[in-house]
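Here's the structure, in structure tokens; my notes come after.
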Amino acid sequence: MLLRQQLAATASAARQQALWQLETFHSSHRHRGRRSSGGAAPWGDRAAGALLPPPLRGCRRAWRAGSLPTSALVEGNGSSAAPGPEPLATEGEDTIASLVTGGSRSGAVDIIRVSGSDAVQIAQRVFWPQGRFRFGWRPASQRIYHGAAVDGEGRVIDEVLLLAMLRPKSYTREDVCELHTHGGGVCAQRVLRACIEAGARPARPGEFTLRAFLNGRLDLSQAENVLALVNARTATAADSALAGLAGGLGALVSELRGDCLEILAELEARLDFDDDMPPMDQDALVADIAALQQDIEAALRTSRQGSLLRQGLQVAIVGRPNVGKSSLLNAWSRTDRAIVTDIAGTTRDVLEAGLTVGGVPVTLLDTAGIRDSADAVEQLGVERSAAAARAADVVVMVIDAAAGWTQEDREIFEALWGAPGGGGGGGGGGAGVRGPALLVANKSDLAGAARRGAAAARAGKALSLPLLAKETFAAVVPTSAVTRDGLPDLDAALLALAGAPQLAGGGVSWAVNERQAEALVRAHEALGAVGESVAGGLPLDCWTIDLRAALLALGEVSGQGVSEEVLDSVFARFCIGK
């Protein structure tokens, strides 16, 4: 019965469409068909059929008889009429509007985005296209219009461009209209107020991207990479976010879930029809589970890289006075941030300088030379040096390559990392430095003109260090702040110490964040439990329970079956307008 009703409705709509097309055709050609003798239109069925386009020939009798098939409305090139847009998950939600540019007063252009089922109607209320034909105007998709923005009383408030992106060809897959206003903030705020008065609601943080996720435009991992791209501090971080936005992680998770589903389907079938199926190859099953775990481990190894690209590194440069800490900061960052003199104790406070190492944003902290001093100001700077070393991600201790490891260097080392047998940084009032550390033998150019090349090459090996210092420092890097020798080696040592040596060679791809890594770890553990169940000879029911747990964890990465609390946590970090 339902099928008959659907077919009847389709035929009725087709008949109405054919009638409209015939009447339009006659109206456009009537002025060319009048007889010279008397005015009656010559259009009979045969004449009309001869002049009608091929798709419309014979349509008259068909729609009169009620038997016009939908194929009769095929265009001349053979393509059928496009189906209507699919229903959206956000159907019926409020239409939202927001300023999507920074709103800086120095910007030349601001953009206001309106998204939702009423976006076109709101655009019709607040935008007057240039020209005479304003009434009944409706924007076409992927078109730009020039005109004026008006308020509720019809007063012009700005000269704007309108860009229309109708569903589903938009960022949110809803109808989207963007109004490009003059910059400076005032014009954009007036146009935004007009959109809200016309029926839009101010968008919440991340709501545009949330709607893109809900409507299937992005998965959750891609949505998170939108935020990573907006917050990227280096080109490498942006490239990594773009790789994730292109679906790199989502494609991997989709493949992993598909493999898990295949295994689960076979196990479920064996629970019901085990007698009718061949014996199970448990070794092959264990191998498949191990392969899935290896793929997850490979994804988890990108977590450190992603953290570095998002958050960067804070590196504290410490050491005794006049070993070249400030010179090293200037040379490494290619700035003149720090004052350099021959007077010991020139630096009294913590100075910052930024640079990029292998795509990782690095903040260098030049600290005061650590020594006992009667000067209250210098002593305060020494205390701040110890505090900076405790808080830094990496500590770089600088010594004089020509002087070698001195008694003063030993005292500074024990003050920061602790004396032997003193608890490692906690005893003797030590600063309690716990992070990774590098030792830089600076001023290698002063080791003697004849021995300069050999000293730069052998400084790390020839340097006599206490056993505890050798265990503390991951590498000893000879450098010269004057000639810049050794700085590339220092970059590579820093990236290796930070856990992302591949960035030194420029290698970058998508990376998982903390939320995704936590879900992947749970999936890995669930798959491990499946392997243990197989090895322990447990029933198939136990295998399927752990496989379902792995599927749920993998689904959380891409947003399938994720809770509302997780969505709120993800999109709350977005800015308004994204």
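The accessible surface of region 250-298, taken with every protein chain in place and a 1.4 Å probe, is 49 percent carbon and sulfur.
Among Glu268, Glu532, the order of accessible area from largest down is Glu532, Glu268, computed with a 1.4 Å probe on protein heavy atoms. For region 193-205, the Karplus equation 6.51 cos²θ - 1.76 cosθ + 1.60, evaluated at θ = phi - 60°, returns couplings of 5, 5, 5, 5, 5, 7, x, 7, 10, x, 6, 7, x Hz by residue, with Gly and Pro reported as x.
Amide H contacts for Val396 (H built 1.01 Å from N in the peptide plane; partners 5 or more residues away or on another chain; cut-off under 5 Å): Ala316, Ile317, Val318, Leu438.
In terms of packing, defined here as the mean over residues of other Cβ atoms within 10 angstrom, the peptides 547-556, 283-292 line up highest first as 547-556, 283-292. Taking amide hydrogens as modeled 1.01 Å from N in the peptide plane, which residues meet the under 5 Å criterion relative to Val357, leaving out close sequence neighbours? Distant-sequence amide H within range of Val357: Val362. Here the gap between Ala265 and Asp336, fully extended at 0.36 nm per residue and compared with their Cα-Cα distance, gives a gain of 19.0 nm.
For region 101-161, the Cα-based Rg and Dmax, in that order, read 12.5, 37 Å.
Just to make sure I understand: if all protein chains stay in place, what is the order of Lys443, Lys470 by accessible area at 1.4 Å, largest first?
Numbers: Lys443 50, Lys470 120 Å².
Highest to lowest solvent-accessible surface, that is Lys470, Lys443.
Entry note, region 470-565: relative contact order of 20 percent, from Cα contacts under 8 Å with a spacing of 6+ residues.
Suppose the chain between Ile144 and Ala290 were pulled fully straight at 0.36 nm per residue; how much longer would it get relative to their current alpha carbon spacing?
On the way: separation 146, 0.36 × 146 = 52.56 nm, distance 5.34 nm.
Here the answer is 47.2 nm.
The listed residues Arg310, Arg138, once ranked by accessible area (1.4 Å probe) with the largest placed first, stand as Arg138, Arg310. Distances between placed amide hydrogens fall under 5 Å for Ile157 paired with Ala149, Val150, Asp151, all partners being 5 or more residues away or on another chain. Between region 279-296 and region 192-206, the alpha-carbon centres lie 53 Å apart.
Shown here are the Rg and Dmax of the Cα trace of region 268-319, at 22.5, 76 Å. Ligands, DNA and RNA aside, Trp128 has an accessible area near 90 Å² when probed at 1.4 Å. Counting only heavy atoms of the protein chains and using a 1.4 Å probe, Arg125 has close to 130 Å² of accessible surface.
The values are calculated or read from the model by the stated rules, or taken from the named source; none is laboratory data. Because the structure is predicted, anything quoted here is derived from the model rather than measured. Cβ sites come from the backbone with ideal geometry, for glycine too, and all protein chains shown count toward neighbours. Heads up: the accessible areas ignore ligands, DNA and RNA and are worked out on the full protein's heavy atoms, side chains in. Shrake-Rupley method; radii C 1.70, N 1.55, O 1.52, S 1.80 Å.
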